[in-house]
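Written out below as structure tokens is the structure these notes cover.
The values are calculated or read from the model by the stated rules, or taken from the named source; none is laboratory data. Just so it is clear, the model here is predicted, and its values are computed rather than measured. Counting neighbours? That spans all protein chains shown, and the Cβs are built from the backbone with ideal geometry, glycine included.
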Amino acid sequence: MKLSKKSVTVLSFTIGACLFVSTAFADTLLGSGYDRLKGSAKTTASMMDKDMKNYTLEALYTLKDNDKTLLQGSTSQKIDIENQMKEENTTTKEANGETTSRYNYSDITKSVNKYGPDNTYQVMEYPANANNRNPADFENPFEEKGAAEIEKIVDAVVGGLKDYVQVEEGPEGGKVYSGSLSETQVPAILNAVSSFGIKQMLNNEPDLPVIESDVFVKRVVGSAIENKIGYLENVTGDITLSGKDKNGVQHDLNLNVIFKLSEVGSTKITIPDLTGAKVEKVSYSNGFSSKYVGAYKNDIVMEKDGKFVKIGERTVEITSVDNDKVKGKFSETVVSGYESEYPDKDNFEFVYDPANSSTFTYKNAKGEEKNGSIYQSAPGKIHFQVNLEIIDKNSYKSEAKPYYDGEFNRIFE
């Protein structure tokens, strides 16, 4: 699923909140309790990776500003690892009442997408020689490169928290974890990290309040249910962050999230029946066709003296889409006087061949070989990512350039 910029922000916000909640709970449970909760999280990830043949994942989230709802969303994923199938339904409701939805089905041979009010199903059939991964594969976060080091850092940061969680026996076996933290119980170092990260994240989003000062974690409440088999089947988190905008107005940003793992071993996925439906066949080049040929731009923006300043531009030019290959050019220009702020301007040509890889290679301004990705976004927009680090054949991570924005808008004459 390709996420919009707003969706990525909410997802990042959610992950950060849940990471804080879960690790705070984990570290308050000294001895066997600590080991039990952390072990349960690892057991859950391992079972999803190796033991569960199929399952259903559901997530609900609500983001509010001073009790005004900014965003609500729900996602339901059905995963069938054994039959290499995945189905997903996502719904998002914004503050203005606008609701958007997205449906996706994928298996080893094709994908089916339907977005928003458009009743057209986009169907992509993969060529026989395509090097496709199983769309239902689960990537265990505890086995990723650097996971052990990150775990130690998190343990050290919140290691001073104690006695703020209750652990009870579940009614049908297993464990029930619940607890809360107030602003006076949040360690200063964690508040400092949260303040910096949240300001950087929220201040780049035009639809969210610009928080400039006095940012702190006001309240954290959460719970987790471990069933008798030993995996977590329900996790909830509620976090409130407080801060002031440039006018001194206080904002309490509250995020509530619920995650549910269910129907383990009984999840069934049916190939969508498109008989009589409006169907658009798309090429294997990640949905690209000749209509995407053209130039796309965005601004290089930095914050200076409390203001946003445009210091340059990025351009992606798609020169051709032929035989499922996307060819093009990427360039960056910087306004005179800001060269020291953005010294490494990339200029390169690229060829994206999805039959061989989900990424393409290029040489950056320093002559180093790097990886990038490209995919279509909303109508008239594309997403172009650089500085990707390949972890393995199925996954990669991004090391973002300073002031980088991957969303590009079509230039119309």
Of these, Ser331, Ser340, which one is outside the structural domain of Phe142 (by TED's automatic domain parsing), within 19 Å of Ile300 (Cα to Cα) and in contact with a strand residue (DSSP E or B) (Cβ under 8 Å, 6 or more places away or on another chain)?
Ser331
Only one residue in Ile411, Ile311, Ile318, Ile382 is among the β-branched types (Val, Ile, Thr), within 28 Å of Asn134 (Cβ to Cβ) and either out of contact with any His (no Cβ under 6 Å at 6 or more places or on another chain) or in the same structural domain as Ser213 (by TED's automatic domain parsing) (or both). Which one?
Ile382
Pick out the one residue from Lys297, Lys268, Lys260, Lys307 that is more than 26 Å from the chain's Cα centre (by Cα) and either surrounded by fewer than 12 Cβ atoms within 10 Å (Cβ to Cβ) or of a type in the set (D, E, K, R) (or both).
Lys307
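Looking only at the range 310-345, filter to residues that are of a type in the set (Lys, Arg) and crowded, with 17+ Cβ neighbours inside 10 Å; which one of those is modelled with the lowest pLDDT?
In this case the residue turns out to be Lys325.
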Can you find even one residue in the range 279-290 that is exposed (fewer than 12 other Cβ atoms within 10 Å of the Cβ), out of contact with any Asp or Glu (no Cβ under 8 Å at 6 or more places or on another chain), assigned by TED's automatic domain parsing to the domain that holds Gly406 and closer than 26 Å to Tyr126 by Cβ?
yes
Residue that is on the phi < 0 side of the Ramachandran plot, β-branched (Val, Ile, Thr), modelled with pLDDT of 70 or more and in contact with a helix residue (DSSP H, G or I) (Cβ under 9 Å, 6 or more places away or on another chain), where the choices are Ile189, Ile211:
Ile211
Flag if Phe348 is loosely packed, with under 15 Cβ neighbours inside 10 Å, farther than 24 Å from Met124 by Cα and either hydrophobic (A, V, I, L, M, F, W, C) or at pLDDT 85 or above (or both):
no
When residues of the range 26-51 are filtered for being among the hydrophobic types (A, V, I, L, M, F, W, C) and at pLDDT below 85, how many remain?
5
In the range 351-365, which residues are modelled with pLDDT of 90 or more and within 25 Å of the chain's Cα centre (by Cα)?
Tyr352, Phe360, Thr361, Tyr362
Could you please find all residues in the range 211-248 being among the hydroxyl-bearing types (Ser, Thr, Tyr) and touching a strand residue (DSSP E or B) at 6+ places or on another chain (Cβ under 6 Å)?
Ser213, Ser223, Thr236, Thr240, Ser242
Selected residue [at pLDDT 85 or above and over 30 Å from Gly39 (Cα atoms)] from Asp245, Asp238, Asp252:
Asp252
Does at least one position in the range 332-355 carry a residue that is closer than 26 Å to Asn113 by Cα and of a type in the set (D, E, K, R)?
yes
Could you please find all residues in the range 52-78 being surrounded by fewer than 17 Cβ atoms within 10 Å (Cβ to Cβ), at pLDDT 90 or above and in contact with a strand residue (DSSP E or B) (Cβ under 7 Å, 6 or more places away or on another chain)?
Leu60, Ser74, Ser76
